[in-house]
Amino acid sequence: MPLATVSAKERGETDRLLGAVVAQLRTEGVRVVGALRAYEFTGANPHCNSDLWLVPDGPVIRITQDLGAGSTACRMDAGALEYAVGLATARMADEGADLVVLNKFGLSESEGRGFRSLMAGALARGVPVLTGLTDTHRPAFERFAAGMETILPPDAAAILDWCRTVAGPGAAIADEV
């Protein structure tokens with residue numbers, strides 16, 4: 001099962017690494033599908049917003065909802081997240097993919113929702129999956145991966161080497177109907 005994770009120590013570094021890796025792979029003709037953290041924030045509480053850019057060509061979808069100035073926390077917009085998952089899943093089915101890259105295996109995925117179904121579907125088709133991972137969600141990820149994951153160092157060259165080994169142009173095709 002070609003499944004790998006990467007975890008960087010500095011805040012935002014995993015997102016930057018995955019973004020750089022995806023950009024490089026796309027220039028090499030690798031068909032990448034998934035979702036990465038978008039860094040273009042708008043609104044009064046940018047620390048609270050979470051926007052996902054659907055790879056390879058958008059759109060950007062806000063997956064949090066602003067609960068107002070008196071709120072102490074922002075909340076996940078489950079409908080927006082599931083919409084993003086649906087778009088990415090349809091893109092993989094319609095256009096095919098050589099690799100799925102996701103910004104993180106987070107709370108939703110830990111609970112069996114979010115991009116977990118896309119990950120499982122990709123792996124079932126033989127499409128490799130690369131995802132960011134934090135220590136908070138590592139136990140749930142390890143249960144999902146059942147010991148089949150590769151833990152990559154937070155190094156672009158090492159991540160690219162893994163990606164090039166497991167995925168390349170034409171490695172996987174769209175399902176035939």
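Laboratory data are not the source of any read-out in this text; all were calculated from the coordinates shown. All figures in this text were calculated on a predicted structure; none of them were measured in a lab. Reconstructed Cβ throughout: ideal geometry from the backbone, glycine too, with neighbour counts over all protein chains shown.
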Point to revise | More than 28 Å apart - percent of Cα-Cα pairs taken over the chain | key: 18 percent
Check your understanding: If you add up the charges near residue 83, with Lys and Arg at +1 and Asp and Glu at -1, over every other residue whose beta carbon is less than 14 angstrom from its beta carbon, what do you get?
Key -> 0
Revision key, fill the gap. Of segment 86-129, those with amide N under 18 Å from the point 7 Å along the Cα→Cβ vector of residue 135 are 105-107
Review point. Where in segment 4-39 does the label zone of residue 165 land, with the point 7 angstrom along Cα→C-beta and an amide N cut-off under 15 Å?
Key: 4-6
Review point. For residue 150 and residue 75 in one chain, what is 0.36 nm times their gap in residues minus the Cα-Cα distance, to one decimal in nm?
Key: 23.9 nm
